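S.K.: Here it is: the structure, laid out below.
Please treat every number below as a calculation from the coordinates, not as lab data. Since this is a predicted model, take the numbers as computed values, not measurements. Cβ: placed from backbone, ideal geometry, glycine included. Neighbour counts: every protein chain shown.
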Amino acid sequence: MKKIVYTFALLLGVNAALLAQPDPMKWGKIDQEDLDMTEYAPDKTASAVVLGDYAQLEFKYSDQNGFQLYMKHHVRIKILTKEGLEWGNAEIPLYQSGSRKEKINSISGVVYNMENGKVVSSKLTKDARSTEQVNANLQKYKFTLPNVKEGSVIEYEYEKISDFIYGLETWYFQTTIPTRWSEYRVRIPEYFTYKHFLGGYHGLNVNEAVRYNDRIHSLDLSFTGTAHRWALGNVPALVKEAYITTLNDYASKIEFELSSTQFPNQKINYYSNSWEKLTKTFLDSERFGGELKKQRQVSDLVKSLIAGKVSPEEKLAAIYGHVQHNVVYNDQERVYASNSFKETLAKRSGNSAEINLLLTAMLREAGLAAHPVILSTRSHGRVNPVIPLEKDFNYVVCQVVLGDKALLLDATEPFLPPGQLPYRCMNDQGRLMQENTSEWVPLLQQEKESYSLSAKLRLTSSGTLQGTLSYIKDGYAAVAARKQLYADGENKFLEKLKEKKTNWTITEHQFANQMTLANKLEEHYTLEILDRATLAGNKLYVSLLPDGVLEANPFKLEERLFPVNFGCPLEQMLMYEIELPEGYSVEQLPEPAIVTLPDRSATFRFNVQQMGNKVNVTSMMQIRKPLYLADEYQQLKEFYSRMLAKQNEQLVLVKK
């Protein structure tokens, strides 16, 4: 018996010690080493470093408001370079829905600078704070700290009160600058059961949970709860690189899902969602499924559009084309409609949900099997395939079935053929919203981003290329070019091209198939290109590819922990015929080359041949799959390095 009592007492002592952990930072207590820091030793390239990011979240009860969430958040950052000054500006998202809302209860901020050997502090003032209403459900609380300069240490602390007790916000241990210490403490009463999920590539330094006792005095009610403490130290910066969705997808973080609640003398309520429940939520919503039930509103319009059309393909083309060219996308990525079909058609504009739900309803009214697909755009982040959360989705497209083929449609883009999605939507997978069916729909595209460039040019002894150059663009390359041509017009399109190609002088141009989506887009130029050869003694060193070559390898990281997401396969063909200047002969041709990845998913071929007084250059690159995993990164990086090295080799001519 004594042994049991001793063990229980020991456990109580451990719990008390864990609950009494001191805060990792004290307000205003800045170490001199941090004030004197000129670079961060673990990452000497860092523009700033998070010295500490600490928050406490707890549930508090009042008779007037019931349970509310109180978060006290303390941030301290060292500014190291001019590029780090932006961290002196901060914003806090505040959500609202109906009567539920979030608000800032208090906020303080101070900037510390060393001046003449002394610490000078500057406090955040009221006039440096503002709010921005982003939409009906989101407000941003913004503030700018004063006198921020290279060498400053800034810190701010605020308390936020939230009515959203059924959803704990995600905590990010990692951001785009290094973090020395990040810690999150959460006290959850026994009435709430949450699941939590760790994300990212770095293991926690601290992961503790202990029981605690508390009391609601106004109710004379005692209860227990669990106090969690999660912490991570020396976290490297998240570095943005090409072909990524959003960095938050790959940050070290902790996410929460409410599993159940059970209050005194009440039955247990379960909240954990299923995909079937989520589908029902959308289809039962007045702003989603409710709109689709009003398809009769578009009956007369559909009849006029499909009159004389017999095949499903003809009906699809007529309806899809009408919505594409008569309802303008307002750039709002939404999963719910704010306006009815009648209002959207009258305004001739709408968000992604309004346009594509309208498209879905019109196709259904024409007798086609059409259903909405909800998704998360690349900038919004990946959908968690394990936890069905409504907030993960911010966009709607349409799926239509023709025979044994299912096509994805997005009428927000006027130059997208049926079956193609905008680049912003190429984000893993979406969810089909159909009665009695809940399944994933792949979003990464097999349609290519493809273009070929062919040129017939004459090289002068001064290093100028003269002749014609043509682009033939297909797939997503054609979509992007058509969109830019339509938005800018030919004259502005050419002006932008000339600004980009400062050594080009274009004397003639011609475009073909601008509005004919079934055909490839063509661009033809007659031009001069300066400075393509360097004279050294009696030799001329010629750069062979004046366009179609990347300025640098897009893959620069020593290690990339997240995948490379191209969105769709890539294909490029460059074919140059270059007539040599009189009085010169070829001394050295670049060697031919073939570069492939081990799985043959990427291929590069390069060849240079002399045919009399002409040199023919061919450069072909194919990326056959849209997604490469992190363990394939080094091979892909090397592939691009070898390709660029070969494309930049020079032809050597010698004067006869």
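S.K.: Hey, quick one: spin label on Phe197, modelled 7 Å out along Cα-Cβ, who in the range 375-403 has an amide N within reach, i.e. under 17 Å?
M.R.: Hits in the range 375-403 for Phe197 at 17 Å: 375-377, 380-394.
S.K.: Amide H of Gly381 versus every other amide H placed in the peptide plane: which residues, excluding those fewer than 5 positions away on the same chain, fall under 5 Å?
M.R.: none
S.K.: Let me ask another. Once phi is turned into θ = phi - 60°, what whole-Hz ³J(HN,Hα) does the Karplus curve with 6.51, -1.76 and 1.60 give for every residue of the range 481-487, x standing for Gly and Pro?
M.R.: Those phi angles translate into 5, 4, 4, 5, 4, 5, 5 Hz.
S.K.: Report, to the nearest 10°, how far helix 352-365 tilts away from the longest principal axis of the Cα atoms in the chain, using its own Cα long axis and a range of 0 to 90°.
M.R.: The helix 352-365 is inclined about 70 degrees to the chain.
S.K.: Same structure, new question: Mind listing P(r) for the range 275-442? All alpha-carbon pairs, 10 Å bins, whole percents.
M.R.: Answer for the range 275-442: a P(r) of 11, 44, 37, 9, 0 percent.
S.K.: Around Phe606, under 11 Å between beta carbons, what's the net of Lys plus Arg minus Asp minus Glu among the other residues?
M.R.: Once all neighbours under 11 Å are counted, the net charge is +1.
S.K.: Now, a different point. Pop a pseudo-label 7 angstrom from the Cα along the beta-carbon direction at both Ala136 and Glu159 and give the gap in nm to one decimal.
M.R.: Each label point lies 7 Å from its Cα, and together they span 3.3 nm.
S.K.: Compute the length gained on full extension between Ser222 and Thr281: take 0.36 nm times their separation in residues and subtract their Cα-Cα distance, giving the result in nm to one decimal.
M.R.: Contour length minus the Cα-Cα distance gives 17.6 nm.
S.K.: Below 13 angstrom from the Cβ of Ile594, what's the summed charge of the other residues (Lys, Arg +1; Asp, Glu -1)?
M.R.: Charge balance near Ile594 sits at +3.
S.K.: Which is the longest run of the chain containing none of the GluC sites (Glu not before Pro) found in DSSP loop states (not H, G, I, E, B) with at most 13 other C-beta atoms within 10 Å?
M.R.: Segment 40-285 is the longest.
S.K.: On to the next question. Mind checking the angle between helix 275-284 and the chain's longest principal axis? C-alpha axes, 0 to 90 degrees, to the nearest 10.
M.R.: 80
S.K.: With θ set to phi - 60° and the Karplus curve 6.51 cos²θ - 1.76 cosθ + 1.60, what are the ³J(HN,Hα) couplings of the range 611-620 in order, to the nearest whole Hz, using x for Gly and Pro?
M.R.: Values per residue, Gly and Pro as x: 10, x, 8, 10, 10, 9, 10, 10, 10, 10 Hz.
S.K.: Then there's this: Once amide H atoms are built 1.01 Å from N in the peptide plane, which residues 5 or more positions from Ala369, or in another chain, come under 5 Å H to H?
M.R.: Val401
S.K.: Oh, and also: Could you give the length gained on full extension between Glu33 and Arg296, defined as 0.36 nm per residue of separation minus the Cα-Cα distance, in nm?
M.R.: Difference between extended and current length: 87.6 nm.
S.K.: Moving on to the next point. Out of the range 322-402, which trypsin sites (Lys or Arg not before Pro) are coil in DSSP terms and have no more than 16 other C-beta atoms within 10 Å?
M.R.: Answer in residue order: Arg348.
S.K.: Ok, one more. Which value, to two decimals, describes the C-alpha radius of gyration of the range 369-445 once divided by 2.2 N^0.38 Å?
M.R.: In units of the 2.2 N^0.38 Å rule of thumb, it is 1.05.
S.K.: Grab the beta carbon distance between Phe263 and Glu551, set R0 = 56 Å, and tell me the FRET efficiency rounded to 0.05.
M.R.: It comes to 0.35.
S.K.: Could you tell me the center-to-center distance, by alpha carbons, between the range 187-216 and the range 283-342 in angstrom?
M.R.: 46
S.K.: Starting from 0.36 nm per residue, how many nanometres of slack lie between Ala307 and Thr170 once their C-alpha separation is accounted for?
M.R.: Stretched out fully, the Ala307 to Thr170 stretch lengthens by 44.1 nm.
S.K.: Need one number: nm distance between label points at Thr596 and Lys500, each 7 Å from Cα along Cα→Cβ, rounded to one decimal.
M.R.: My value for the distance between the label points is 3.2 nm.
S.K.: Something else: Output ³J(HN,Hα) for the range 543-559: one whole-Hz value per residue in order, computed from phi by the Karplus curve 6.51 cos²θ - 1.76 cosθ + 1.60 with θ = phi - 60°, and x for Gly and Pro.
M.R.: 7, 7, 10, x, 8, x, 10, 5, 5, 7, 5, x, 10, 10, 6, 5, 8
S.K.: Can you tell me how the range 79-119 classifies by the Cα gyration tensor, rounded, prolate or oblate, using a/c under 1.5 as the rounded cut?
M.R.: oblate
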